[in-house]
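Remarks on the structure that follows.
The values are calculated or read from the model by the stated rules, or taken from the named source; none is laboratory data. Remember, it's a predicted structure, so these values are computed and weren't measured experimentally. Cβ: placed from backbone, ideal geometry, glycine included. Neighbour counts: every protein chain shown. With ligands, DNA and RNA removed, areas are computed over all heavy atoms of the protein, side chains included. Shrake-Rupley method; radii C 1.70, N 1.55, O 1.52, S 1.80 Å.
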Amino acid sequence: MIGKSAFLPILGLILLSMSSQASSADRVGFDLPQPNGCNRVGTRTVVLRDSQRSRDLLVTMWYPSGEGTSALAPYMDKKTADALAEEWKLQPDFQRLVRTHARVLAPIAEGSPFPVVLLEHGSGVVPAIYTVLAEGLASNGFIVVATNHPPDSLISVFPDGHELKFTPYWPAEANRRSQGVAIGKFADEVLVADVRFVLDQLQEMNSHDHFWHAQLDLSKVGIVGHSMGGTTAALATQEDHRILAGVNLDGSTYPGMNADIRPVPVHKPFLFLATEEHASGEDRAREYIGSESNTYYVVVTGADHMSFTDADLISSRFTRDVKPDDSAFERALLTSILTRSLVEEFLAKYLKAAVAPDLDLIVRIDKK
């Protein structure tokens, strides 16, 4: 587990980056944290049609790019931002003041094929709030594939203008176990099924799409998810042989899942980042376990559930009812950069056979 003292080996480097990022933040707008890899970043969005399930999925991809002069990508579209502003009590049109680093439709970088990382969002949010993580991974040589999963996402806005909004898929008045069974069923039958479908479509794109042809290394696939997306990531890692390693950012198990046996075995390299609150239960931080000697449990001091996303960065700058909170912004930036660093190192270790000096230095590995 990471405790207060365990932050020290990499805290200095993070604070150097944080000071430069904080100086660019003001009450008008700010740049998202600079991607920390050696590649520029491009982004594209596609709609994938699953005719067998009569289901459309909006998929955003971030990737290492070459030189490009196209426009920087918007943080999110206006309809999505309006829905998020209402949910989080943010200033109207906040998205216009958030500056990303990815260029729309930029050419892909040389050096392909690149490993693929699937990015899974939590319930009631949207893939865009993981932009800091996605841009960082893309700059480090991964192709990041983020699927918007209706009705679990806050909103999904398609290019033709139609939209799908969040709808609870569990019985609101039922007991916790009945709700858990419904959530687990949805995770298996919808979310993990979406993951499988997207992987199938990536194979088709890699074979036949003009832009993506031979650019994706589908022999090296990882998955990262937050909250419900973390649960999805764990289950997909367990169930799909194409996924080699998984990351769960504070996602839980639910009553009725896996016959109530804990931890849920994943049998592959697995990184679990959790808040102190999540880990405070008797066995909550041990809800999933990967392969022997390759399971990492990390408890991030001072983090809240949304600290593993862009949410606290955005809220501290653009909250509607109170003044921007510089101290909250700095805390959010610290956790955001730490999360990105650990996830990048873990995926580089298991998808690129790279070293992970910070991760292996500060994380205890439990051998089961």
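At-a-glance table
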| item | result |
| --- | --- |
| Answer from Gly122, Gly136 - the residue that is buried (at least 23 other Cβ atoms within 10 Å of the Cβ), among the small types (Gly, Ala, Ser) and assigned to a loop (DSSP other than H, G, I, E, B) | Gly122 |
| Close pairs (8 angstrom Cβ cut-off, 6 or more residues apart or separate chains): closer than 12 Å to Tyr288 by Cα and among the β-branched types (Val, Ile, Thr) in segment 239-252, open to solvent by less than 20 Å² (accessible area, probe 1.4 Å) and not in a strand (DSSP E or B) anywhere | Val247/Gly230; Val247/Ala233; Val247/Val343; Val247/Phe346; Val247/Leu347 |
| Selection within segment 60-84 - under 20 Å from the mean Cα position of the chain (by Cα) and either surrounded by fewer than 19 Cβ atoms within 10 Å (Cβ to Cβ) or aromatic (Phe, Trp, Tyr) (or both) | Trp62, Tyr63, Pro74, Tyr75, Asp77 |
| Residues satisfying the stated conditions in segment 139-169, i.e. aromatic (Phe, Trp, Tyr) and surrounded by fewer than 22 Cβ atoms within 10 Å (Cβ to Cβ) | Phe158, Phe166, Tyr169 |
| Sole exception among (1) open to solvent by less than 30 Å² (accessible area, probe 1.4 Å); (2) at pLDDT 85 or above for Ala285, by number | (2) |
| Selection count, segment 235-262, where residues are part of a loop (DSSP other than H, G, I, E, B) and either among the hydroxyl-bearing types (Ser, Thr, Tyr) or under 26 Å from Leu137 (Cβ atoms) (or both) | 8 |
| Of all residues in segment 310-358 being charged (D, E, K, R) and touching a strand residue (DSSP E or B) at 6+ places or on another chain (Cβ under 7 Å), the one that is modelled with the highest pLDDT | Lys352 |
| Failed criterion for Phe272 (all others in (1) touching a helix residue (DSSP H, G or I) at 6+ places or on another chain (Cβ under 6 Å); (2) part of a strand (DSSP E or B) hold) | (1) |
| Count of residues meeting criterion [in contact with a helix residue (DSSP H, G or I) (Cβ under 8 Å, 6 or more places away or on another chain) and assigned to a loop (DSSP other than H, G, I, E, B)] in segment 304-338 | 6 |
| Residues being outside any strand (DSSP E or B) and either aliphatic (A, V, I, L, M) or buried (at least 20 other Cβ atoms within 10 Å of the Cβ) (or both) - total across segment 189-216 | 12 |
| Some residue of segment 51-71 being over 21 Å from Arg317 (Cβ atoms), among the β-branched types (Val, Ile, Thr) and either at pLDDT below 80 or in a loop (DSSP other than H, G, I, E, B) (or both) | yes |
| Matching residues in segment 217-242 - criterion: being among the hydrophobic types (A, V, I, L, M, F, W, C) and surrounded by fewer than 20 Cβ atoms within 10 Å (Cβ to Cβ) | Leu218 |
